[in-house]
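A short worksheet on the structure shown next.
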Amino acid sequence: MIKKTKTAATKKTTKKSRPDDIIVKVCMGTGGMAAGGREVLDAFINKFAEKGLTGTVEKRCSANKVGCRGFCAKDVLVDVIIDGKSTTYQFVKPDMVEKIIDEHITGGAPVAGLLVGPEYKNFHSKQKKVLLANCGNIDPEDVDAYLATGGYKAAEKVISGMVPDEVIKEIKNSGLRGRGGAGFATGLKWELCRRSSGEKKYLICNADEGDPGAFMDRAIIEGDPHSVIEGMIIGAYAIGSTEGYVYIRAEYPLAVERLRLAIKQARERGYLGKDIMGHGHDFDIFVRLGAGAFVCGEETALIASLEDQIGEPRPKPPFPVNKGLWGMPTNINNVETWATVPRIINNGAKWFASIGTEKSKGTKIFSLVGKINNTGLVEVPMGMPLREIIYDIGGGIPKNKKYKAVQTGGPSGGCIDFDHIDVPVDYENLTAMGSIMGSGGMVVMDEDTCMVDIAKFFVSFCMDESCGQCTPCREGTKEMVRLLEDITHGRGTDEHIALLQELCLVIKEASLCGLGKTAPNPVLSTLKYFRNEYDAHIHDKKCPAGVCKTLICFSIDRSKCTGCTSCARNCPQMAITGEKKGPHMIDQEKCIRCGICFDACKFGAITRE
Amino acid sequence: MDTKKINGILENYPDIKGNLISVLHEIQSLYNYLPEEALRYLSRKTRVPLTRLYSIATFYHFFSLTPKGRHQVHVCLGTACHVKGSQRVLDEVERRLCVKEGETTDDMRYTVDAVRCVGACSLAPVMVVDKDTHSNVTSKKAMDILKKYD
């Protein structure tokens, strides 16, 4: 039965790639959709029908704003492929569709003014796409599209020709480490779970991607959901599990929809369910939605949530591999890790181990966001220096501003300053710099970002998300926020710093789970690299970046003000007065320092200090 | 409260074990929030203590015990949005609608919430209204967007 479907799939692909076919791929990820991807797709379908053209209008992989090859900032991106030659358009709107069809598809000449620029090429040329290879290229809602790229071959190879120990050995040899944060060796975890005894074993895919600034897991599920399923099938066979769960954030509706569809398709084709692929092994996957609790990304809290409990972490040991879901041995890996597994089986452990550094193998996806020109998801070999990621791929900082820091690892991570920009990025180096790999979020900050404010932001995040079970985390984060509030409001003293440092140590040592243990990291790393900013807030009562409201003051430079009235019209407090074409003034009593005038002025006449 | 609808939901889950949160998700999408009566009924039907349902409903941010407005406004305060000024967007929305985050306007038109990252970081700052993701939102643009939702 499998054979049959596979032949059908191959046939379909051959037809698709026939050289005289015209293929239009419209980005339909969350980014593409936000920019109007659906309308653009509809416009192509309608115009093709109207003009009687034969073309395949297919949904482009929706690896969301970035999985669509990275540039959601340039969405809607559209690929026009004629005779195998691909041309990419940016910022496509429905009303441009007719022009593209007339001039390019029927006329043969690409519409010069609408094409992507050189930065699009630079963004992609330094990347090494293994996990994101399918994202943006195949239709994620079509199982045949996945099969045509060699999908489910790894699962078949494993189930039909390898014994479980061989599979585990292969994963171990590859050097794969968990992509969810801590970087535990995946093969070893599998082995521990296999050796552990229990009448049933569970697999869990952690898709509760809560780190703000990271969205690679969503991109993979939205763009290539079958690769995750295939990874889990291989894991289930190796570990001896018959039941798997994907715990996914409810905030990701598109990913949930595509994942459910993919599981349904996999069941229909016999890759999931009873006697999968005819080799006598049962395995099925079920989707469970999270409900907006960050702490549920922690494995024991996630298990509690799957058991209908509130998401309170449990002490370890016992580890989930021994006593997990419903007390049974449970193997948890995150989305990116599961999606890596089929690639290792297909290409071999040697191939995977040849990429990366000594202790960190393979490629890693980073989400490059914040104050950077080319925002998006980038996949690079482990060990690439930050400078290359930020300047060569990311295109540097917008508006020629100065790089200040990059924050990695989400709320548990730390900030890395300019002096460390040439350090190769891998698990060990990031830890040595006081940060962590985390799930791979990289938020770039420029001179306009206040590091004390950022530290406060992360600690408030942890305070809000603390489950409240253990005192150091619940009360400690609250106290840290209070101290940081004082500093950002100009009430700080040197004693505040001393207290902060002491608190950090206590919280780190005494908290129950990873959330509390790492909550002080942003404070420690900013204190280490950006102490001068804390001092400016405390001693000079100034916020050098102009962020902390109490410490800043907006005023108008009379020599630069043209009297365009833009600031006065936008001021919500009516605090700005002045005659048209004459210099304006801000009434400091009325000003609430919202900064709207600063953004509204086109002449740089508003100063902030 | 329509017990038939809740029974209908429960029919899809013959075994409540491991499915409680999914059931609560479905009830919330039915009413936009979790009405007390519905929770009491669910407790009777499933024999799960009401205190347990209450603890789940209050622990997870996604669930609400009070009615929500016709439109759900989520201003993202994730890191990428934060460094690009999303706090100012939230401040302006709160000021103009006369509500604080988590509250609903008196006319039940909007419920405003701050959320921590919707995973649309390359579009930052982001505001999600119902199911629409709006990108590169400024404090000025936010109100123009909201006006479109009646």
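Taking region A:486-510 on its own, how many of its residues are touching a Gly at 6+ places or on another chain (Cβ under 9 Å) and under 17 Å from A:Ser460 (Cα atoms)?
The total comes to 5.
Counting residues that are assigned by TED's automatic domain parsing to the domain that holds B:Ser22 and free of Cβ contacts under 8 Å to residues at least 60 places away in the same chain, which helices (runs of 4 or more DSSP H) fully inside region B:50-139 reach at least 2?
On the way: elements: B:50-59, B:79-83, B:86-97.
Filter on region B:50-139 gives B:50-59.
Scan region A:251-283 for residues that are more than 19 Å from the chain's Cα centre (by Cα) and closer than 27 Å to A:Gly29 by Cα and report the count.
12
Do any residues in region A:566-588 that are more than 14 Å from chain B (Cβ to nearest Cβ) and under 20 Å from B:Thr138 (Cβ atoms) have Cβ atoms under 6 Å from those of residues that are of a type outside the set (D, E, K, R) and part of a helix (DSSP H, G or I), where the two are at least six apart or on different chains, and which pairs are they?
Short answer, once both residue conditions are applied: A:Ile576/A:Cys567; A:Ile576/A:Ala568.
The rows are residues; the columns are (1) closer than 30 Å to A:Asn122 by Cα; (2) touching a strand residue (DSSP E or B) at 6+ places or on another chain (Cβ under 8 Å); (3) at pLDDT below 75.
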{"residue": "A:Thr10", "(1), (2), (3)": "no, no, yes"}
{"residue": "A:Asp21", "(1), (2), (3)": "yes, yes, yes"}
{"residue": "A:Val26", "(1), (2), (3)": "yes, yes, no"}
{"residue": "A:Gly32", "(1), (2), (3)": "yes, yes, no"}
{"residue": "A:Arg38", "(1), (2), (3)": "yes, no, no"}
{"residue": "A:Ile45", "(1), (2), (3)": "no, yes, no"}
{"residue": "A:Ser62", "(1), (2), (3)": "yes, yes, yes"}
{"residue": "A:Phe71", "(1), (2), (3)": "yes, yes, yes"}
{"residue": "A:Asp75", "(1), (2), (3)": "yes, yes, no"}
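From the list A:Asp102, A:Asp83, A:Asp165, which one is of a type outside the set (Gly, Ala, Ser), at pLDDT 90 or above and surrounded by fewer than 16 Cβ atoms within 10 Å (Cβ to Cβ)?
After applying the criteria, what remains is A:Asp165.
Report whether or not A:Ser555 is assigned to a helix (DSSP H, G or I), hydroxyl-bearing (Ser, Thr, Tyr) and in contact with a Ser or Thr (Cβ under 7 Å, 6 or more places away or on another chain).
Criteria not met by A:Ser555.
Within region A:458-481, which residues are buried (at least 24 other Cβ atoms within 10 Å of the Cβ) and within 11 Å of another protein chain (Cβ to nearest Cβ)?
Correct list: A:Phe458, A:Phe461, A:Cys462.
Can you go through A:Leu503, A:Leu527, A:Leu515 and tell me which one is touching a Ser or Thr at 6+ places or on another chain (Cβ under 8 Å), in a helix (DSSP H, G or I) and hydrophobic (A, V, I, L, M, F, W, C)?
Answer to the check: A:Leu515.
For A:Glu243, are the conditions met, namely being more than 14 Å from chain B (Cβ to nearest Cβ) and surrounded by fewer than 24 Cβ atoms within 10 Å (Cβ to Cβ)?
no
One residue is enough: does region A:542-552 have a residue meeting the conditions of a type in the set (A, V, I, L, M, F, W, C), more than 16 Å from A:Ala600 (Cα to Cα), over 34 Å from the mean Cα position of the chain (by Cα) and outside any loop (DSSP other than H, G, I, E, B)?
Pass one, region A:542-552, residues of a type in the set (A, V, I, L, M, F, W, C): A:543, A:545, A:547-548, A:551-552.
Filter again for more than 16 Å from A:Ala600 (Cα to Cα), leaving A:543, A:545, A:547-548, A:551-552.
Narrowing the set further to residues that are over 34 Å from the mean Cα position of the chain (by Cα) leaves none.
Within region A:542-552 (the criterion being of a type in the set (A, V, I, L, M, F, W, C), more than 16 Å from A:Ala600 (Cα to Cα), over 34 Å from the mean Cα position of the chain (by Cα) and outside any loop (DSSP other than H, G, I, E, B)), the answer is no, since none of the residues qualifies.
Kindly indicate which of A:Thr375, A:Thr408, A:Thr431 is polar (S, T, N, Q) and more than 26 Å from A:Asn532 (Cα to Cα).
After applying the criteria, what remains is A:Thr375.
So B:Ile16 passes all but one of these: (1) farther than 16 Å from B:Ala142 by Cβ; (2) among the hydrophobic types (A, V, I, L, M, F, W, C); (3) within 13 Å of chain A (Cβ to nearest Cβ); (4) buried (at least 17 other Cβ atoms within 10 Å of the Cβ). Which condition number does it fail?
(4)
What residue, among those in region A:416-430 that are under 21 Å from A:Asn374 (Cβ atoms) and buried (at least 20 other Cβ atoms within 10 Å of the Cβ), is farthest from the other protein chains (Cβ to nearest Cβ)?
A:Val425
Select the helices (runs of 4 or more DSSP H) contained entirely in region A:117-209, then report the ones holding at least 2 residues which are touching a helix residue (DSSP H, G or I) at 6+ places or on another chain (Cβ under 8 Å) and hydrophobic (A, V, I, L, M, F, W, C).
A:143-148, A:153-161, A:164-174, A:186-195
Being among the aliphatic types (A, V, I, L, M) and assigned to a strand (DSSP E or B) narrows it down to one of A:Val246, A:Val256, so name that one. Before you say what the answer is, go through the steps one by one.
Working: A:Val256 fails: assigned to a strand (DSSP E or B).
A:Val246 is the lone residue from the list that is among the aliphatic types (A, V, I, L, M) and assigned to a strand (DSSP E or B).
Tally up the residues in region A:210-240 that are surrounded by fewer than 24 Cβ atoms within 10 Å (Cβ to Cβ) and part of a helix (DSSP H, G or I), please.
Result for region A:210-240: 1.
Looking at (1) not in a loop (DSSP other than H, G, I, E, B); (2) not assigned by TED's automatic domain parsing to the domain that holds A:Val481, which is the one condition that is false for A:Gln573?
Of everything listed in (1) not in a loop (DSSP other than H, G, I, E, B); (2) not assigned by TED's automatic domain parsing to the domain that holds A:Val481, A:Gln573 misses just condition (1).
With respect to A:Val444, determine if the residue is under 23 Å from A:Ser125 (Cβ atoms), among the hydrophobic types (A, V, I, L, M, F, W, C) and without any contact (Cβ under 8 Å) to a residue 40 or more places away in the chain. Let's see the steps before the verdict.
On the way: under 23 Å from A:Ser125 (Cβ atoms): yes; among the hydrophobic types (A, V, I, L, M, F, W, C): yes; without any contact (Cβ under 8 Å) to a residue 40 or more places away in the chain: no.
Here the answer is no, as A:Val444 does not meet what is asked.
Residue-wise test of (1) surrounded by 15 or more Cβ atoms within 10 Å (Cβ to Cβ); (2) away from chain A (no Cβ under 11 Å); (3) closer than 27 Å to A:Glu222 by Cβ.
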position	(1), (2), (3)
B:Ala57	yes, no, no
B:Phe62	yes, no, yes
B:Val73	yes, yes, yes
B:Cys81	yes, no, yes
B:Glu103	yes, yes, no
B:Asp106	no, yes, no
B:Ala120	yes, no, yes
B:Met127	yes, no, yes
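This table checks each residue for (1) over 17 Å from A:Phe184 (Cβ atoms); (2) within 11 Å of another protein chain (Cβ to nearest Cβ); (3) in contact with an Asp or Glu (Cβ under 9 Å, 6 or more places away or on another chain).
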| position | (1), (2), (3) |
| --- | --- |
| A:Asn346 | yes, no, no |
| A:Ile355 | yes, no, no |
| A:Lys359 | no, no, yes |
| A:Lys364 | no, no, yes |
| A:Gly370 | yes, yes, yes |
| A:Thr375 | yes, yes, no |
| A:Pro381 | yes, no, no |
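The values are calculated or read from the model by the stated rules, or taken from the named source; none is laboratory data. Bear in mind that the values here come from a model prediction, so they are computed numbers and not experimental data. With ideal geometry, Cβ positions are generated from the backbone for all residues, glycine too; neighbour counts draw on all protein chains shown.
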